[in-house]
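Take a look at the structure set out below.
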Amino acid sequence: MPFKKCITQMFQVLIYAYLYKSYEIQCPHPSQWKLKANTVCNATSQYHCLLDEYSVMYTEFCRQNPDFEIPGYKMVILGGLNGKLCASNRYQPFFFWTNRSSQCTFLKSLCREEGQMISTEKSTSKDATCRCDYTRGYSFVLQPTHITYCVPSEEDCSCYIKPCPAGYILNTGYQCIEGSPSNNECTTSDPSMPSKVLIGNHPTSNKYINCNGGPKCQYRKSKWSHKRKNNNCLNSTNCFR
């Protein structure tokens, strides 16, 4: 009997937890905000639904005078109404009103399309900015307003592989300049994608350096290979024997 009683109590606890979770308040989507406001408060300007920091649950209530916070912040309940920075993946470019939303308005761009990298993402009042990974030969399809970085929510940030003449590489301004990649450019933002650069005057695909193998890049040609022994090896005829 004690064992059966224990099992019964466990099931009761699970049922209570499920019912409690089922009745946990969820703030409405912005598209449904006015409908919920009229249902709860009979006035769209008085309905509030905010996160209670103590209980870590959303609370809805009616309040005659809404409050607001400056861009980059939202409002939460912490004793009273208090401002708090937006979550790291969201941003608020204009004033936050307590009777219009429960969280910062926009999700930040992820910069995960081909060739893209995050440039900046720390602001909570602006979208993240992206750049093309010039160390892997990527440049912007359309030149953005700020040349070296792009704002996805405002412009096209697509990247493509920009060809450069033999012995040239892309610089941070996405221009082909004479030179060879330095040792610190032998790493990529995405280790699953190979980073390749041309060697000297060799345009064929079997004469590239694969830069994902660590600090020592490796030259490959048909059935033989040779590891370069120093940082200046790329332009030396003594490297590959």
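Overview of values
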quantity	calculated
ARG112 of a type in the set (Lys, Arg), more than 26 Å from TRP33 (Cβ to Cβ) and touching a Phe, Trp or Tyr at 6+ places or on another chain (Cβ under 9 Å)	no
Only listed residue being buried (at least 21 other Cβ atoms within 10 Å of the Cβ) and of a type in the set (S, T, N, Q), chosen from GLN64, GLN103, GLN143, GLN92	GLN92
Any hit, the range 106-115, residues being without any contact (Cβ under 8 Å) to a residue 24 or more places away in the chain and in a strand (DSSP E or B)	yes
Any hit, the range 135-148, residues being part of a strand (DSSP E or B), within 14 Å of the chain's Cα centre (by Cα) and on the phi < 0 side of the Ramachandran plot	no
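Yes/no per residue for (1) within 23 Å of ALA37 (Cα to Cα); (2) not in a strand (DSSP E or B); (3) not assigned by TED's automatic domain parsing to the domain that holds HIS29:
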residue	(1), (2), (3)
LYS74	yes, no, no
ILE77	yes, no, no
LEU81	yes, no, no
PRO93	no, yes, no
ASN99	yes, yes, no
SER123	no, yes, yes
GLU155	no, yes, yes
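The values are calculated or read from the model by the stated rules, or taken from the named source; none is laboratory data. Predicted model only: the values in this text are computed from it and were never measured. Ideal geometry is used to build each Cβ from the backbone, glycine not excepted, and the neighbour counts take in all protein chains shown.
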